[in-house]
Amino acid sequence: MDWQITGDRPVYLQLIEQLELAIAAGEYPPAARLPGVRELAAQAAVNPNTMQRALQELEARGLLVSQRTAGRCITGSGEAIAALRGRLAEAQAALFFARMGQLGYTRAESLAFLQAAGQTQAQAAPKEE
């Protein structure tokens with residue numbers, strides 16, 4: 001996982017966001033075992049206590065499950081992961097529309113940009129055979 005930690009916000013919040021994104025994207029599939037706290041902290045170049053705090057929050061949100069002998073695993077609940085994906089998608093859409101509004105575009109104009117971008121991306125994607 002490629003960690004992007006900046007100095008503008010609390011580190012544990014950035015860790016939570018990046019781990020949520022990795023879970024939602026399937027980088028950590030359902031029921032997969034996570035590396036240990038120290039290993040994750042070393043990968044992210046953060047204090048293990050900070051990583052522990054982030055992981056505890058993800059547990060509280062129902063995305064991680066602690067198992068005494070096996071460490072932490074991603075939840076096996078497809079519903080929890082689908083809800084996370086939906087929440088992240090809604091946040092991105094809201095951000096897009098807010099930024100487009102700041103540029104002076106209406107909702108209809110913003111949707112037209114989205115449709116055009118989607119068509120361009122579909123045309124640029126390699127064809128599966």
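The values are calculated or read from the model by the stated rules, or taken from the named source; none is laboratory data. Because the structure is a prediction, the values reported are computed rather than measured. We place every Cβ from the backbone using ideal geometry, glycine too, and count neighbours over all the protein chains shown. Only protein heavy atoms, including side chains, enter the accessible area calculation; ligands, DNA and RNA are left aside. Shrake-Rupley method; radii C 1.70, N 1.55, O 1.52, S 1.80 Å.
From Leu111, Leu103, which residue is out of contact with any helix residue (DSSP H, G or I) (no Cβ under 8 Å at 6 or more places or on another chain), of a type outside the set (S, T, N, Q), over 30 Å from Tyr12 (Cβ atoms) and modelled with pLDDT of 95 or more?
Values: Leu111 fails: modelled with pLDDT of 95 or more.
Leu103 is the lone residue from the list that is out of contact with any helix residue (DSSP H, G or I) (no Cβ under 8 Å at 6 or more places or on another chain), of a type outside the set (S, T, N, Q), over 30 Å from Tyr12 (Cβ atoms) and modelled with pLDDT of 95 or more.
Go through segment 68-125 residue by residue and tally those that are assigned to a helix (DSSP H, G or I), loosely packed, with under 11 Cβ neighbours inside 10 Å and among the β-branched types (Val, Ile, Thr).
Qualifying residue count, segment 68-125: 1.
Criterion first (at pLDDT below 95, closer than 27 Å to Gly86 by Cβ and loosely packed, with under 14 Cβ neighbours inside 10 Å) does Ala31 satisfy it? Can you show your working first?
Numbers: at pLDDT below 95: yes; closer than 27 Å to Gly86 by Cβ: yes; loosely packed, with under 14 Cβ neighbours inside 10 Å: yes.
Criteria met by Ala31.
Which of the residues spanning segment 5-28 are in contact (Cβ under 8 Å) with a residue 12 or more places away in the chain, open to solvent by 50 Å² or more (accessible area, probe 1.4 Å) and within 21 Å of Cys73 (Cβ to Cβ)?
Tyr12, Leu21, Glu27
If Gly62 meets every condition in (1) open to solvent by less than 60 Å² (accessible area, probe 1.4 Å); (2) free of Cβ contacts under 8 Å to residues at least 12 places away in the same chain; (3) assigned to a loop (DSSP other than H, G, I, E, B) apart from one, which number is that one?
That leaves (2) as the condition not met.
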